[in-house]
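The values are calculated or read from the model by the stated rules, or taken from the named source; none is laboratory data. All values derive from a computational prediction rather than experimental measurement. Every residue, glycine as well, gets a Cβ built from its backbone with ideal geometry; the counts of neighbours run over all protein chains shown. SASA here: full protein model, heavy atoms, side chains in, ligands and nucleic acids out. Shrake-Rupley method; radii C 1.70, N 1.55, O 1.52, S 1.80 Å.
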Amino acid sequence: MKYFVTVEGRTFEVDLTPDGPVIDGEPVSADLAHVEGTSVRSLLVDGRSERVVARRVDGKRAWSLHLRGRRFAAEAVDERTRTIREMTGVGAGAAGARSVRAPMPGLVVKVEVEEGSRVEPGQGVVIIEAMKMENELKAESGGVVSRVLVSAGEPVEKDQVLVELADHPAEGE
């Protein structure tokens with residue numbers, strides 16, 4: 001079975017063959033075991049052991065991965081799904097512009113980023129107050145803030161775009 005796994009904007013072709021996984025055409029010695037009752041996975045790659053915390057995000061394809069103290073956003077799709085997306089244009093916005101939206105109506109308390117700021121996955125970007133509680137909204141993926149559409153003290157509606165992110169520019173740009 002062939003999958004396309006995107007981690008932090010980079011896509012890897014992963015083919016799960018009877019002889020073991022092949023990543024971008026290179027065979028890899030790997031084993032993944034789930035620690036029962038937790039979101040912890042034990043990953044053994046080329047003789048090195050790693051502990052990975054993996055949680056599903058919004059459905060069955062998006063994942064939040066924690067490895068060596070860092071958080072990574074990842075998505076895994078099978079070959080059929082990728083082909084359908086390419087044919088229909090669905091998911092074309094995954095690279096490029098992305099947005100942070102208000103999950104509920106509220107009041108912007110603080111904007112933690114400005115246009116041009118580099119943002120890492122999981123980094124807080126806006127704090128909104130809703131139902132007398134402050135909620136820090138975080139970026140699901142890394143990028144550069146291309147637009148900040150709200151300011152402190154401004155009311156917002158559910159699903160309103162608060163901040164737009166673009167891909168990190170390539171090195172040297």
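A 1.4 Å probe, protein heavy atoms only, puts the accessible area of residue 34 near 90 Å². At the residue level, residue 15 shows approximately 50 square angstrom of accessible surface with a 1.4 angstrom probe and all protein chains present.
Would you mind computing the Rg to Rh ratio of the chain from its alpha-carbon coordinates, Kirkwood style for Rh? It would help to have the intermediate numbers written out before the result.
Details: Rg = 18.6 Å, Rh = 18.2 Å.
With Rh from the inverse mean 1/r over Cα pairs, Rg/Rh is 1.02.
Within the straight-line cut-off of under 20 Å between alpha carbons, the aspartates and glutamates reachable from residue 110 are 120, 129, 134, 136, 140, 154, 157, 159, 164, sequence neighbours fewer than 8 places apart in one chain being disregarded. Per-residue SASA remark: residue 45, around 30 Å² accessible (1.4 Å probe; ligands, DNA and RNA not included).
Excluding residue 147 itself, calculate the net charge of residues whose Cβ lies under 11 Å from the Cβ of residue 147, where each Lys or Arg counts +1 and each Asp or Glu counts -1. Around residue 147, the charge tally is -3. Both radii are taken from the alpha-carbon atoms of the stretch 27-74; with Rh as the Kirkwood radius, Rg/Rh is 0.99. Considering the stretch 106-173, its Cα convex hull presents a mean projected area of 4.4 nm². log₁₀ I(q)/I(0) of the stretch 1-90 at q = 0.18, 0.24 Å⁻¹, via Debye over equal Cα point scatterers, no solvent, to two decimals? Ignoring solvent entirely, the Cα scatterers give -0.93, -1.45. Placing one equal scatterer on every Cα of the stretch 7-56 and applying the Debye formula, the log10 ratio I(q)/I(0) at q = 0.18 Å⁻¹ is -0.70.
Rolling a 1.4 angstrom probe over the chain with all protein chains present gives an accessible area of which 52% lies on carbon and sulfur atoms.
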